[in-house]
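These notes are about the structure you will find just below.
The values are calculated or read from the model by the stated rules, or taken from the named source; none is laboratory data. What you see is a predicted model; the values in this text were computed from it and never measured. Cβ: placed from backbone, ideal geometry, glycine included. Neighbour counts: every protein chain shown.
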């Protein structure tokens, strides 16, 4: 039976750090579902369909990867997909704490689902999407941080 | 002379982690005043009287505990109550830093008041009220994280 | 093809925290090889064969788990076994840093091998084998921290 | 050739911790440019000209220090000034992470610019401008945390 | 009934940071027992009686403080003394983790005993006894870090 | 007057991370004295003259850099050299704490000396000399972590 894992996130937008992590996950699991959270209470830069489209374009070369969006609790979404593994990236201490809180809360809510943590390449370990957007908004050339197809729409969106 | 300590917080709403800490504090000090901050610049889910009421209900079995609300600086409130001990819970690193900053700031403002830190049970060490509210808002069953009497009002309030 | 992962460690001795992690790993991977490091420069309490034997006894009920020992670099051992996934547990911040350093060093030495991190149950998140041994050496009852079959030999060994 | 360094920040308002750091920087570098970020997306308490004025008043006794404001990316501002050293203060772990992310992002954007970190006096190591403003807003006497000339305008502004 | 707390440690030797903490503890509790661990497996600079003597001399002015030594588990010692509160100081992140592990292990071994954490003055927050001894061994003047009566014996002992 | 800074350390042996830091320091300061600590109480792999020689060889291309050894307190050495700036690298949280403790202790012992922290390249941020030596001792190819001239002697020394 193929092993499937879900990599949930907001991906607003997808960065090279995400692509790095998806590539690593795809080497471990047979199928990786990248799951874009349609989170109602934050104001994303890109709409859910836009984020899904960007991810599809930038991950199409990685074997076993599909992209979807979901609403509500990630554990309920995992139950629906009959998947018992969630993937998260760990970059820094503050990640660590938030991720652990979330993973332990999820475990309490659904004992059958396990969260596994992967390390991004150290080239992306410092990459914060908040800083990325701030820098892009101030006119920085962020071509080394995001996939080529994301660069232009990000710039346009932030310059509005 | 009975030893009294103040446990200040926003308690929006009270969680099982808070109850655990209050129970521990009550074993150390003769009297524990749970002090609900009427903080004007955050938007709580529950009003100050609602939070006080919930705390009173859920702590009425714990000997030596009273519940009040206060406005302004906690050190001035402590002076008014003639109490020189504040209690705070420490769960994680980020808590640690924020709590230390606050305690040192309070110490600078009032040299006579000491902050003591207690550890919650490891069952609640990961419990973040922000994550709790997010999960509840997405429809999660949070019955294991909050007292029974809080569960229903929390669900109703977040579903509005 | 079955997915195999290696869980390397010194397991001196195996604790309930290790058993918890092995159980979780076995739910994610088809095969889990628990690999006892025959580390020449530390002075373990138990010999390598003793540690292997203890692990075999305490994991025999967990499906897909085998126990072996290895010498030298874990990445070379993984290459020999044709396994590309290492498993490590993450409990606290200090773990996090050491584990990341080790995982990044391993990645540099062997690009094909990925380290995945799992979270133990919060009941074991604080369990430090150093503290465990110190407490046991001072006569503490450590029956809740180690498997039943480990308790007696640990006591005997530390009391020498 | 005199060594020049830029100390960028929002300085909203300047605290004794900032003054401590500027004093230390001025002992290491021949010239220190304190650069007030005219950050368009946060809501500062004081306007950029007000913050520049406060800094000028409170640093006028420190040899080699000038005060300016800048817009946009700090690395572009540094390029304009032909300065290759940025100074930042490090107080706590959370600072550390944010500062490192920012410094590494800046390094990626401008390889020629180096960030150096200085430690404030331990008397100011806990001083958070957020807590400072919260305390001041609640009526605390913050005279020991900010320069004398800042105290009154801070109180007036927060009491509005 | 007077509230008593035990402050256990190795105190090898007592520093100004310890004195600061004992002073704070004595303001909160009616009686504070400073308990010197006669730890058999570390090599202290000073013998247990020497450490007890130094503590007695340097704390004799603080009301309610007594000094003793103990062997074995601190929780068993606390049971013997019929005390249910342990005091520990928290200075930094690494303290935090070690202290939490120890406190949670103690809680597991003795549910009736609570550990409370106090913050030293920020003047001592950085004071590491390891660094102190290293500096003293290299000839540094450590008079500002240790009580006057400790200074000379420390110098003599390290210079041997 | 040329600005001089001292970069003290044990450099046992010099790694690519050290070279990276020295290169950055040399861009900020006119002169950088790399100061090898002749630390009497640790057992280095290489003797002090060996470590000085390795550093001289690997830094000879970097303008303004000299290599020396020193005994005793680094602040006294700095006073002898009439230098008021120490340089240290910061890689991770555990570094951060230790380095801050050391820097604050040094500041207390010598108010005139300032420690500045630099960030290594993220390629070296994870590089721990302890892990490096462990890996090399187990036969790992560490050519990407140390200068070419260090590789062979390190291997020989650890294989003894």
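Residues checked against (1) touching a strand residue (DSSP E or B) at 6+ places or on another chain (Cβ under 8 Å); (2) more than 21 Å from residue E:51 (Cβ to Cβ); (3) surrounded by 19 or more Cβ atoms within 10 Å (Cβ to Cβ):
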| site | (1), (2), (3) |
| --- | --- |
| E:66 | yes, no, no |
| E:76 | no, no, no |
| E:79 | no, yes, no |
| E:89 | yes, no, yes |
| E:97 | no, yes, yes |
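Looking at residue A:155 and the list (1) in contact (Cβ under 8 Å) with a residue 12 or more places away in the chain; (2) closer than 30 Å to residue B:125 by Cα; (3) more than 14 Å from chain C (Cβ to nearest Cβ); (4) over 14 Å from the mean Cα position of the chain (by Cα), which single condition is not satisfied?
(2)
Only one of these is in contact with a helix residue (DSSP H, G or I) (Cβ under 8 Å, 6 or more places away or on another chain) and over 30 Å from residue D:145 (Cα atoms): B:152, B:133. Name it.
Working: B:152 fails: in contact with a helix residue (DSSP H, G or I) (Cβ under 8 Å, 6 or more places away or on another chain).
Selected residue: B:133, the only one of B:152, B:133 that is in contact with a helix residue (DSSP H, G or I) (Cβ under 8 Å, 6 or more places away or on another chain) and over 30 Å from residue D:145 (Cα atoms).
Quick test for you: out of B:118, B:132, pick the one residue that is within 8 Å of another protein chain (Cβ to nearest Cβ) and under 14 Å from the mean Cα position of the chain (by Cα). Quick ask: steps written out before the conclusion?
Numbers: B:132 fails: under 14 Å from the mean Cα position of the chain (by Cα).
Exactly one of B:118, B:132 is within 8 Å of another protein chain (Cβ to nearest Cβ) and under 14 Å from the mean Cα position of the chain (by Cα), namely B:118.
If you take the residues of the range B:135-150 that are surrounded by 20 or more Cβ atoms within 10 Å (Cβ to Cβ), farther than 27 Å from residue E:106 by Cβ and in contact (Cβ under 8 Å) with a residue 24 or more places away in the chain, which of them is nearest to the other protein chains (Cβ to nearest Cβ)?
B:146
State yes or no: is residue F:112 in contact (Cβ under 8 Å) with a residue 24 or more places away in the chain and more than 7 Å from every other protein chain (Cβ to nearest Cβ)?
Details: in contact (Cβ under 8 Å) with a residue 24 or more places away in the chain: yes; more than 7 Å from every other protein chain (Cβ to nearest Cβ): yes.
Yes.
Could you pull out every one of the strands (runs of 3 or more DSSP E) wholly within the range A:1-100 that has 2 or more residues that are more than 14 Å from chain B (Cβ to nearest Cβ), closer than 19 Å to residue A:116 by Cβ and more than 12 Å from the chain's Cα centre (by Cα)? Can you show your working first?
Details: elements: A:4-9, A:31-37, A:65-70, A:85-89.
Where strands (runs of 3 or more DSSP E) fall fully within the range A:1-100 and carry at least 2 residues being more than 14 Å from chain B (Cβ to nearest Cβ), closer than 19 Å to residue A:116 by Cβ and more than 12 Å from the chain's Cα centre (by Cα), they are A:4-9, A:65-70.
Go through the range F:10-55 and report how many residues are surrounded by fewer than 20 Cβ atoms within 10 Å (Cβ to Cβ), free of Cβ contacts under 8 Å to residues at least 40 places away in the same chain and within 28 Å of residue D:2 (Cα to Cα).
5
This table checks each residue for (1) surrounded by fewer than 16 Cβ atoms within 10 Å (Cβ to Cβ); (2) touching a strand residue (DSSP E or B) at 6+ places or on another chain (Cβ under 9 Å); (3) within 19 Å of residue C:75 (Cα to Cα).
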position	(1), (2), (3)
F:121	no, no, no
F:131	no, no, yes
F:152	yes, no, no
F:156	yes, no, no
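Checking residue C:10 against (1) closer than 21 Å to residue A:85 by Cβ; (2) at pLDDT below 95, which test does it fail?
Just one mismatch for residue C:10, condition (1).
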